[in-house]
Amino acid sequence: MPDARQTALQILTALDQGKGTLDQTLESILNENDGISQRDRALTHALVFGVTRWKKKLDWVIEHYSKTPLKKIDAIVLNILRMGIFQILHMDRIPDSAAVNTSVEMGKVINQPWLAGYMNGLLRNVVRNRSEIPFPSMEQDFIHYLSITYSFPGWLVKKWVSRYTKEETIAMCEAANRIPPITIRTNTLKTTREELETALSTAVKTIHPTRHSPFGLQITAPTTMISKLEAFQNGWFQVQDEAAQLVSLLVSPRPGQHVLDACAGLGGKTAHLAQLMKNQGRLIALDSSTQKLEKLEKEMNRLGIHMVETVSHDLHHPLKHSLSGQFDHILLDAPCSGLGVIRRNPDIKWTESRNDLAGYQKRQLQFLSNLADLLKLGGRLTFAVCSLEIEETDQVVERFLNDHPVFQPEDRSPELPDSMNKNLYDNNRLATCPHRDDMDGFFSICFRKTSG
């Protein structure tokens, strides 16, 4: 059975080879190594997310101390070095000697006689000189400084600097690099938040209610995998960030209504909508991925939700005419760059396609247009993205309204908790920020259909 570092190396190597997202790769390989202990599983997570989060900074350090150019270093050796340097610079609980020695031992399997000495010398150099590593100067080139020291792609830092103050850009980078809290949402079809808090109190280190969502709890350090907790297996909660919970509150469907979750994915918001509908009415979960819909159906069964119908459809194309005018509410949690959830998905930083914001906008507008005719007169279409970039938020709103004058933005503040003051909901828009609100970055707005 591979240990934590070997498992982490396996995941990082697969990720570099483009075999899936970080979450998909992590889940797949950890499932293969089913017997890994909870302690090793936690270390694997820390190493994989840490190296992915800080990759650009780690590579800068390697380049400074290596006589071999970065591009010529074997991919496996590079990831071993990244893991070693990450432990030295960012993991206080791991002794430097352990970080160095385990890295060198891992390198020995490559069976190159010179490699152990190379890795040992480089890593010990980092240990000796960690306080003197020559990072870029903030004063001379602020964008380059942020890009290296906070480990972000230059295009994204440049974009943020052009829109925000230097201080806020730094705060955004810091927040995106923090390990996010584990946030869960109570399944009120089975229990209450208070009962769930009591049930979990002995299985986690800390637990407290979320500030804005009336259904959320934040937990730290569960004693076992979340999926093995009794409350989870009983269907008492789902893992879901508070910002995502607030999006469903913006929709606020009623029992008995007809609702469409147009990009349902794995069903986080689908289940929340079903809760708000008290498991009564018609709720269609639509997605282009049949695999995701199969998982969604299993999740609904775990949660005791029996009102959800699944439909496989690609929203690049209009839906069948028989659905026109059928729905009271439609939620479009649209495909987007995901730049608001980097703290949970740090591999997003290094995915070049995330820079194609115009492409995401085009798809979002196409999806909105293909859904518009499905609403009843007076029905509501809620648009959401896990991004705060203007190309995917205000520009989409402006262009959709220009092309569809029968829709108007609607004030949903009466449906929202009083605590969601103007910092979160203003001008009919929900906007949450990791650096300000300690939750994922989401944007959402509700459009009402005012004529046929």
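Structural remarks
Listed here are the residues, each with its yes/no results for (1) assigned by TED's automatic domain parsing to the domain that holds THR432; (2) closer than 26 Å to HIS258 by Cα; (3) touching a Ser or Thr at 6+ places or on another chain (Cβ under 7 Å); (4) modelled with pLDDT of 95 or more.
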{"residue": "THR310", "(1), (2), (3), (4)": "yes, yes, no, yes"}
{"residue": "LYS320", "(1), (2), (3), (4)": "yes, yes, no, no"}
{"residue": "LEU339", "(1), (2), (3), (4)": "yes, no, yes, yes"}
{"residue": "TYR360", "(1), (2), (3), (4)": "yes, no, yes, yes"}
{"residue": "LEU365", "(1), (2), (3), (4)": "yes, yes, no, yes"}
{"residue": "ALA384", "(1), (2), (3), (4)": "yes, yes, yes, yes"}
{"residue": "GLU391", "(1), (2), (3), (4)": "yes, no, no, yes"}
{"residue": "VAL397", "(1), (2), (3), (4)": "yes, yes, no, yes"}
{"residue": "GLU415", "(1), (2), (3), (4)": "yes, yes, yes, no"}
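- LEU332 out of contact with any Gly (no Cβ under 7 Å at 6 or more places or on another chain), assigned to a strand (DSSP E or B), crowded, with 22+ Cβ neighbours inside 10 Å and not basic (Lys, Arg): yes
- Taken over the range 289-301, the criterion of being surrounded by fewer than 17 Cβ atoms within 10 Å (Cβ to Cβ) and closer than 15 Å to ALA271 by Cβ is satisfied by LYS295, GLU297, LYS298, ASN301.
- Here ALA274, ALA231 are screened, and the one residue that is touching a residue at least 24 places away in the same chain (Cβ under 8 Å) and not assigned by TED's automatic domain parsing to the domain that holds LEU424 is ALA231.
- Some residue of the range 305-321 being within 28 Å of PRO181 (Cβ to Cβ), touching a residue at least 60 places away in the same chain (Cβ under 8 Å) and assigned to a strand (DSSP E or B): no
- Scanning the range 255-288 for residues that are over 20 Å from LEU374 (Cβ atoms), out of contact with any Ser or Thr (no Cβ under 7 Å at 6 or more places or on another chain) and surrounded by fewer than 23 Cβ atoms within 10 Å (Cβ to Cβ) yields PRO255, LEU266, GLY268, LYS278, ASN279, GLN280.
- Leading residue by the ranking (nearest to SER387 (Cα to Cα)) among those in the range 137-167 that are crowded, with 16+ Cβ neighbours inside 10 Å and touching a Phe, Trp or Tyr at 6+ places or on another chain (Cβ under 6 Å): SER151
- Hey, ASN111 assigned by TED's automatic domain parsing to the domain that holds THR13 and on the phi > 0 side of the Ramachandran plot or not: yes
- LEU365 being over 24 Å from LEU276 (Cβ atoms) and assigned to a loop (DSSP other than H, G, I, E, B): no
- Residue in the range 128-147 that is closer than 26 Å to LEU26 by Cβ and under 26 Å from the mean Cα position of the chain (by Cα) present: yes
- Residues in the range 121-136 that are among the charged types (D, E, K, R) and either within 21 Å of GLU389 (Cβ to Cβ) or free of Cβ contacts under 8 Å to residues at least 24 places away in the same chain (or both): ARG128, GLU132.
- Scanning the range 182-193 for residues that are surrounded by fewer than 18 Cβ atoms within 10 Å (Cβ to Cβ) and within 13 Å of the chain's Cα centre (by Cα) gives a single hit, ILE182.
- The combined condition, being among the hydrophobic types (A, V, I, L, M, F, W, C), outside any loop (DSSP other than H, G, I, E, B), touching a helix residue (DSSP H, G or I) at 6+ places or on another chain (Cβ under 7 Å) and surrounded by fewer than 18 Cβ atoms within 10 Å (Cβ to Cβ), is fulfilled by ALA171.
- Test for ASN120: is it assigned by TED's automatic domain parsing to the domain that holds THR13 and outside any helix (DSSP H, G or I): no
- Failed criterion for LEU250 (all others in (1) assigned by TED's automatic domain parsing to the domain that holds PHE383; (2) free of Cβ contacts under 8 Å to residues at least 40 places away in the same chain hold): (2)
The values are calculated or read from the model by the stated rules, or taken from the named source; none is laboratory data. Nothing here was measured: the structure is a model prediction, and the numbers come from that model. All Cβ positions, even for glycine, are placed from backbone atoms using ideal geometry, and neighbour counts span all protein chains on display.
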